[in-house]
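Read the structure below first, then the notes.
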Amino acid sequence: MAKYSIGLDYGTLSAIAILVDIETGETIAQSIYEYFGKGGNDVMRRLNQLRRQ
């Protein structure tokens, strides 16, 4: 039975996921979800507020 690992990266503008076969290192699936247009302006506003603190 194959074993897999999922990697996730959350950034300011997007989230990235990757599914890898542990034994072979083969990428099985990957996806990028860009959310800047879906509330990203709010994310940037909040980050700017945190920088000012």
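With θ set to phi - 60°, apply the Karplus curve 6.51 cos²θ - 1.76 cosθ + 1.60 along the stretch 13-29 and write out the HN-Hα couplings as whole Hz, x wherever there is a Gly or Pro.
10, 7, 10, 10, 10, 9, 10, 10, 6, 5, 6, 9, x, 6, 6, 8, 7
Evaluate E = 1/(1 + (r/R0)^6) for Arg45 and Tyr4, where r is the Cβ-Cβ distance and R0 equals 35 Å; express this FRET efficiency to the nearest 0.05.
According to the calculation, E is roughly 0.40.
A short reminder: the numbers here are calculations on the coordinates, not readings from a lab. Predicted model only: the values in this text are computed from it and were never measured. Note that each Cβ is placed from the backbone with ideal geometry, even for glycine, and that neighbours are counted across all protein chains shown.
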